[in-house]
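For reference, the structure discussed in these notes is given below.
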Amino acid sequence: MTSLQDLSTNRFPVRRMDFDFAELKQYWLNNDVGLTHFMTALSAFFPVGERFFVDSVRALRKHPNVADNVDLQAQISAFIGQEAMHSKEHHAMNMKFAEFGYEDIAWMEQATATVLKARFIFKPLASMDQINLAATCALEHFTALLAEQVLNNPKFLSELESDPLMFKMWAWHAIEETEHKAVAYDVYQQVYGTDKGSAYVWRVVGIIMATVLILSAQTYFTARLLRKDGKLSPKYWLHAANTFYGPRGMFTKSIPHFLDYFRPSFHPNDHDIVQMLKDWKVKLSFSDY
Ligand SMILES: [Fe+2]
Ligand SMILES: [Fe+2]
């Protein structure tokens, strides 16, 4: 198995994708209304959210503590390329989904920018570059642990496999989120530090804010999609809620990994996913495993 040190200097590619969503079904996730809307609500965040991640990292890549780090610069470039591709593909998916009558999805994409504006309440207390990057690190942690759950949950995967195109798209995104999970964090660590003083405080504020805002906005988005169908009832909600928040749910199982972020010496690569990534790249026939 590749060591954690090897992973920290890992290079990863930008994979150019152009999924054809023309045949996307309305209830694309195993014909389950609740699960489909839950995941589509997540997809609504990505176009604007991932652009925000890119802007936050790009703003600091010329910082003296980062500018001459060849490995990190290469990873930043790949991170920007991967996130830009995720934004593009999720926007295409979202717009196809809107054709089923969910015009709300375009509103949700823009509402993501409004949710992200919550960070400005901290403007008097720190530089916006630091606040933006702390928020990005937190959201990347959140994304990485969800991505790992997607890739490791046989029950969820079996449902996702009901649509081969969506299976490939979500697995591709999840693989890349785990590949680049440390990039924003490494930039933050180089520029501000991560384990003590205000650097640690802003990192923790970031994860608390990110968790509250993401979970509440995602729940609201899911509810709006269900309401559009006239299916805003526990009957349709229950399976999705159990899949993510139940006793063996994907979020529930992530709690220890989520809480690890509060450890002052935390680093994303402490959580070794090297072999899992290799297995998945073989499974999806990526040429770079
Ligand atoms: Fe992404
Ligand atoms: Fe990411």
Could you state the angle between the C-alpha long axis of helix 250-259 and the longest principal axis of the C-alpha atoms of the chain, as a value from 0 to 90 degrees rounded to the nearest 10?
10
When every protein chain stays in place and a 1.4 Å probe is rolled, 127, 265 sorted by accessible area with the largest first are 265, 127
What angle do you read, to the nearest 10 degrees and between 0 and 90, between the alpha-carbon axis of helix 104-116 and the longest principal axis of the chain?
20
Can you tell me the FRET efficiency between residue 158 and residue 208 if r is taken as the Cβ-Cβ distance and R0 is 45 Å, rounded to the nearest 0.05?
0.85
Measure of exposure for residue 85: accessible area at 1.4 Å probe, Å² rounded to 10, is 20
So for R0 = 25 Å, FRET eff. of residue 74-residue 279 from the Cβ-Cβ r, to 0.05, ends up at 0.55
What nm distance separates the two modelled labels at residue 262 and residue 84, each placed 7 Å from Cα along Cα→Cβ?
3.8
Residue 288 versus residue 215: modelled label distance in nm, points set 7 Å from Cα along the beta carbon direction
3.4
Rounded to the nearest 10 degrees, what's the angle between the helix 33-58 long axis and the longest principal axis of the chain, both from Cα atoms, 0 to 90?
20
Over the range 33-151, relative contact order from alpha-carbon pairs under 8 Å, at least 6 apart, %:
34
Whole-Å distance linking the alpha carbon centroid of the range 168-192 with that of the range 217-289 is 15
Carbon + sulfur, % of accessible area of the range 24-283 - ligands and nucleic acids excluded, 1.4 Å
60
Residue-normalised value, i.e. accessible area per residue, for the range 24-283 at 1.4 Å probe, in Å², stands at 40
Could you tell me the largest-minus-smallest coordinate of the C-alpha atoms of the chain on each of the three principal axes, in descending order and whole angstroms?
53, 45, 35
Straight distance only, please: which aspartates and glutamates reach the Cα of residue 231 with their own Cα at less than 15 Å, same-chain residues fewer than 8 apart left out?
32
Computed about the Cα centre, the charge dipole of the chain from +1 Lys/Arg and -1 Asp/Glu charges at the Cβ has a magnitude in debye, to the nearest 20, of 640
Rounded to the nearest 0.05, what FRET efficiency is calculated for residue 95 and residue 196 with R0 set to 35 Å and r the Cβ-Cβ distance?
0.20
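The values are calculated or read from the model by the stated rules, or taken from the named source; none is laboratory data. Fair warning: this is a prediction, and the values are worked out from it, not measured in the lab. Don't worry about glycine lacking a Cβ; one is built from the backbone with ideal geometry, like all the others, and counts go over all protein chains shown. Surface areas here come from the heavy atoms of the whole protein model, side chains and all, with no ligands, DNA or RNA. Shrake-Rupley method; radii C 1.70, N 1.55, O 1.52, S 1.80 Å.
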